[in-house]
1. Normalising by the residue count of the chain, find the relative contact order in percent from Cα pairs under 8 Å and 6+ residues apart.
2. Multiply the residue gap between residue 202 and residue 19 by 0.36 nm, knock off their C-alpha separation, and tell me the result in nm, one decimal place.
3. Can you compute the label reach from residue 179? Point 7 Å from Cα along the Cβ direction, backbone N cut-off under 11 Å, restricted to the stretch 1-43.
4. Calculate the dipole size of the stretch 118-197 relative to its Cα centre from +1 charges on Lys and Arg beta carbons and -1 charges on Asp and Glu beta carbons; express the result in debye to the nearest 20.
5. Amide H neighbours of residue 105 under 5 Å, counting only residues 5+ apart in sequence or on other chains, H built in-plane at 1.01 Å?
6. What residues qualify as long-range amide H neighbours of residue 145, i.e. H under 5 Å apart, gap of 5 or more or another chain, H built at 1.01 Å from N?
7. Tell me, what ³J(HN,Hα) does each residue in the stretch 59-64 have, in order and in whole Hz, if you take phi through Karplus 6.51 cos²θ - 1.76 cosθ + 1.60 with θ = phi - 60° and put x for Gly and Pro?
8. To the nearest 20 Debye, how big is the dipole of the stretch 58-144 about its Cα centre, given +1 on the beta carbon of each Lys and Arg and -1 on that of each Asp and Glu?
Amino acid sequence: MNIILFGPPGAGKGTQADIISETMSIPTLSTGAMLREAMKAGTPMGLAAKSAIEAGSLVSDEVVIGIVKDRIAQDDCKNGFILDGFPRTIPQAEALDAMGTKIDVVLDIEVPDEAIVERMSGRRLCSACGASYHVKFNPSEDGETCDKCGAPLTLRKDDKPEVVEHRLGVYHAETEPLIGYYKNKNLLVTVDGQKSPAEVTALVKKALGI
């Protein structure tokens, strides 16, 4: 089964992708991992990506699409794959169609913006041992230091409310139009990402029939 996984940043896509991958024995293909693999392997597309990154430029759609095409042609994708982070735009989706790659289902994990901001801006990491907390859902005893080692808890730059809101804005502008694109193809299945992780997993498995 070939699956595309959508959802805003902080919706828990990575966790669900890992569960689907383990249950169905198919690989998760994230854009970042595919870029790193292609650059390490020194493929033509990987070298093009490396040149762009070293020049401080964005990797072009043409290069990203080429890397995806090379990756899904590998043996471990013969029984299916999960695309996480691709496509991000309508042109990328159209390019995926043009490859002749059949997509069986598009899973959209929906979480409202305000819930995403609360989830992400409330996260705290221990500055020493890396233990993870949340000011509301999993606070440390005093809310300021790590229960395990006593070091101060920090808020990652990526988790600051203004940064999260910017990332959500980019998602709505660039990626959200794909929801309608795949809905028109009768491939879209929407899952309520506000439920507990176990409930979301159950909904995902039900949608996939696994």
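No value in this document is a laboratory result; all are computed from the given coordinates. Because the structure is predicted, anything quoted here is derived from the model rather than measured. Here the Cβ positions follow ideal geometry from the backbone for every residue, glycine too, while neighbour counts run over all protein chains shown.
1. Values: 287 pairs, mean separation 56.4, N = 210.
Once divided by the residue count of the chain, the mean separation gives 27 percent.
2. Numbers: separation 183, 0.36 × 183 = 65.88 nm, distance 1.06 nm.
Full-extension gain reported as 64.8 nm.
3. Counting backbone N atoms under 11 Å from the label point, the list is 7-8.
4. Details: 12 positive and 12 negative charges, 60 e Å.
Charge dipole of the stretch 118-197: 280 debye, to the nearest 20.
5. Correct list: 2, 4.
6. Placed amide hydrogens put 153 under 5 Å from residue 145.
7. 6, 5, 4, 4, 6, 4
8. On the way: 9 positive and 17 negative charges, 39 e Å.
The calculated dipole for the stretch 58-144 is roughly 180 debye.
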